[in-house]
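This report refers to the structure that appears directly beneath it.
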Amino acid sequence: MEKWHRPVLLKEVLEYSGKIEGAKVADFTFGEGGHSEAFLERGALRVDALDRDSEALARYRGAGKFANDPRLNLLHGPFSKCSELLKDKDYDIILMDLGVSTRQLLQPDRGFSFQKEGPLDMRMDTSSGPTLAELLDSTEEEDLANALYQYGEIRTSRSLARKILQRWQEGSLKSTLDLASLMGPRRPGKSHPATTLFMALRMAVNEELSEIRVAIPAALGKLRIGGRLLVITFHSVEDRLVKRTFQLDAGRCICSERICACPRIAKVKILTPKPVAPSDAEQENNPRSRSALLRCVEKTLPQG
Ligand SMILES: C[S@@+](CC[C@H](N)C(=O)[O-])C[C@H]1O[C@@H](n2cnc3c(N)ncnc32)[C@H](O)[C@@H]1O
């Protein structure tokens, strides 16, 4: 982990993980390795770590603090494929720290930044899947509008989708800065107006919600009974999905039907009745942590 990198909600992650010494851990979002290193420093038996970004894994293999530690096993792939990537089913702790890493955001050539010129890419895995440019080439206006609304809750999604596709088709939308300029200038004291647009497009390019939908039940299937799943989200759409999935797995009703259609079988116990937010000090020291929320469940019944 580089000196500038600060893993989000680290103290809280370690606290909710339970006993770490001797634990078998799966880190589904290795990134710069901050959380994985903390598990290894505290005596984890093994850390199997996934990331869909092969550049992040290669960088760590080259210079990471625990790169040569036999307890760390780095694997390339999306966490929705964890059933294929990981053979064990007796993990004590599984962590998902969702979204993009600070490094991905700051590297203009990855196309995530609305502040620096970059290509319309936005893939976390640069070796597969369509880029944002390829998505714009093939998408219908209505589908784009739906994505902007679903992922970014952008109320002007229809007119914005039309504007994006018009500019794309006339050839005046070539870079991340062209895209950001569609949202107008930044106002003092406010977040950049392109923040939500970029997040929504990134989620569409990387199919982030369906990744989470597949991965949570698969992760629960990989835990031993008593093992814990911890998920850190960075915005309300993701957090709502994690919260509802955990409630359903805890045997609660999440439907609004007159006759409940929820399975009502408790397979987990919710350890965070309210999501855990970073302390004031962390928010001040690491502005990226401000929107982070941690939820944690403990597996109580066999499944998967
Ligand atoms: C917020 S960063 C994780 C930071 C990490 N916990 C640390 O302390 O360095 C998220 C990482 O997860 C990866 N990622 C996001 N979605 C993924 C997915 N569906 N499958 C695998 N990796 C994913 C990203 O490529 C990124 O490197």
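The values are calculated or read from the model by the stated rules, or taken from the named source; none is laboratory data. The model shown is predicted, which means the values in this text are computed figures rather than measured ones. Cβ placement follows ideal geometry from the backbone for every residue including glycine, while neighbour counts extend to all protein chains displayed. Just so you know, the surface numbers come from the protein's heavy atoms only, side chains and all, with ligands and any DNA or RNA stripped out. Shrake-Rupley method; radii C 1.70, N 1.55, O 1.52, S 1.80 Å.
Kindly evaluate residue 157 against the criterion of being free of Cβ contacts under 8 Å to residues at least 12 places away in the same chain and more than 30 Å from residue 27 (Cα to Cα). No; evaluated as a whole, the condition is false for this residue.
Candidates in region 188-220 are the residues that are more than 10 Å from the ligand (Cβ to nearest atom) and not in a helix (DSSP H, G or I); of these, the one that is surrounded by the most Cβ atoms within 10 Å (Cβ to Cβ) is 194.
Residues in region 251-287 that are touching a Gly at 6+ places or on another chain (Cβ under 7 Å) and open to solvent by 100 Å² or more (accessible area, probe 1.4 Å): 264 alone. Residue 282 fulfils the conditions (1) of a type outside the set (Phe, Trp, Tyr); (2) part of a strand (DSSP E or B); (3) touching a residue at least 40 places away in the same chain (Cβ under 8 Å) except for a single criterion, (2). Do you know which of the residues in region 1-27 that are at pLDDT 95 or above and among the acidic types (Asp, Glu) is farthest from the ligand (Cβ to nearest atom)? That would be 21. Which of the residues belonging to region 57-96 are surrounded by fewer than 16 Cβ atoms within 10 Å (Cβ to Cβ), touching a residue at least 12 places away in the same chain (Cβ under 8 Å) and in a helix (DSSP H, G or I)? Selection gives 61 alone. For region 143-167, the candidate set comprises residues that are outside any helix (DSSP H, G or I) and farther than 17 Å from residue 181 by Cβ; within that set, the residue that is farthest from the chain's Cα centre (by Cα) is 155.
Annotation: of all residues in region 221-248 being touching a strand residue (DSSP E or B) at 6+ places or on another chain (Cβ under 6 Å) and farther than 29 Å from residue 196 by Cβ, the one that is most open to solvent (accessible area, probe 1.4 Å) is 225. Residues that are over 22 Å from residue 57 (Cβ atoms), open to solvent by 60 Å² or more (accessible area, probe 1.4 Å) and not in a loop (DSSP other than H, G, I, E, B) within region 97-142 comprise 134, 137, 138, 141, 142, listed in sequence order. Count, please, the residues in region 1-37 that happen to be of a type in the set (Asp, Glu) and surrounded by 18 or more Cβ atoms within 10 Å (Cβ to Cβ). Residues that pass the stated criteria total 4. Filtered by the rule that a residue be of a type in the set (S, T, N, Q) and either at positive phi or within 12 Å of the ligand (Cβ to nearest atom) (or both), region 28-87 gives 29, 36, 54, 80. Within region 159-186, the set of residues being among the polar types (S, T, N, Q) and buried (at least 18 other Cβ atoms within 10 Å of the Cβ) comprises 176 only.
Whenever a residue of region 38-52 is farther than 14 Å from residue 67 by Cβ and open to solvent by less than 10 Å² (accessible area, probe 1.4 Å), its partners that are of a type in the set (Gly, Ala, Ser) and more than 9 Å from the ligand (Cβ to nearest atom), lying with C-beta atoms within less than 7 angstrom and at least six residues away or across chains, give the pairs 44/23; 48/26.
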